[in-house]
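Note sheet for the following structure.
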Amino acid sequence: MGAPAGIRDRPGNPCDKEKNKPMAATLQEILLVPDTQPHVVADCQTLIEQEVSALSGVSGAAVKVAYKTANTFASGYLRSKMEQFVPEMVVQLEPFWADFGASGSSGFGDYLAKRSDEVCEALLSVTDAHAAISQKPTILKAYRAVRSGAAKHVTAALPSLGALVQKYAD
């Protein structure tokens with residue numbers, strides 16, 4: 001039923017919309033819910049494809065070769081790796097998201113870019129951990145070939161990654 005008419009309209013009443021606003025969500029609550037996570041994984045895969053295709057120069061060529069190697073290694077291999085990486089990377093991004101929310105900054109991508117060294121280290125810790133236990137020599141060789149320059153490429157993608165996260169948070 002709800003509160004009587006006179007009470008329902010008073011400021012401070014529990015029926016107020018302000019009281020019904022959800023608390024700030026964690027990235028896990030935003031990105032990893034069953035209806036959302038497959039879209040996040042697909043968007044991350046698209047982001048990576050766009051970033052790789054935009055690369056140029058010697059290091060860009062090396063990344064393109066490594067990406068093509070991983071992409072042709074086995075059908076669905078990269079998709080399955082993204083499904084593993086996304087939850088782990090969300091955990092790594094969580095402290096940055098919490099600080100971003102408290103900071104009052106307007107764009108998560110800009111926030112990440114300003115902390116690129118820390119963010120890259122956190123994100124690359126996920127891929128490094130997977131590389132350390134990999135049983136796939138072809139993939140491991142491709143990863144090692146590009147790992148030394150990976151931070152540069154991750155840094156370049158941080159504004160887009162932040163925008164991707166905010167797309168789901170808004």
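Things to note:
- Relative contact order, whole percent, for the stretch 26-169 stands at 35, derived from Cα pairs under 8 Å and 6 or more residues apart.
- Between helix 37-54 and the chain: long-axis angle, C-alpha atoms, 0 to 90°, nearest 10: 50
- Cα long-axis angle, helix 116-132 against the chain (0 to 90 degrees, to the nearest 10): 60
- Local electrostatic count, Lys136, Cβ distance below 13 Å [Lys/Arg +1, Asp/Glu -1]: +3
- In order through the stretch 87-104: 3J(HN,Hα) via Karplus (6.51 cos²θ - 1.76 cosθ + 1.60), integer Hz, x for Gly, Pro: x, 5, 6, 4, 4, 5, 7, 3, x, 5, 5, 4, 5, 4, x, 6, 7, x
- Within the stretch 30-170: Cβ-based charge dipole about Cα centre, in debye rounded to nearest 20 (Lys, Arg +1; Asp, Glu -1): 740
- Taking Asp170, Asp110 and counting other C-beta atoms within 10 Å, the order from fewest to most: Asp170, Asp110
- Sorting Met89, Met82 from the fewest to the most surrounding beta carbons within 10 angstrom yields Met82, Met89.
- Relative compactness, the stretch 90-150, computed as alpha-carbon Rg over 2.2 N^0.38 Å: 1.39
- Spatially close Lys pairs in the stretch 26-169, defined by Cα atoms under 28 Å apart and a spacing of eight or more places or different chains, total 20.
- Answer label, with Cα extents along the principal axes in Å calculated from the coordinates and candidates (1) 49, 32, 31; (2) 71, 32, 26; (3) 56, 45, 28: (2)
- Crossing angle, helix 57-73 versus the chain [Cα axis fit, 0-90 degrees, rounded to tens]: 80
Here, each number is a calculation from the coordinates, and none is a lab measurement. Given the structure is predicted, the values throughout are model-derived calculations rather than measurements. Please note: Cβ atoms are built from the backbone with ideal geometry, for glycine as well, and neighbour counts cover all protein chains shown.
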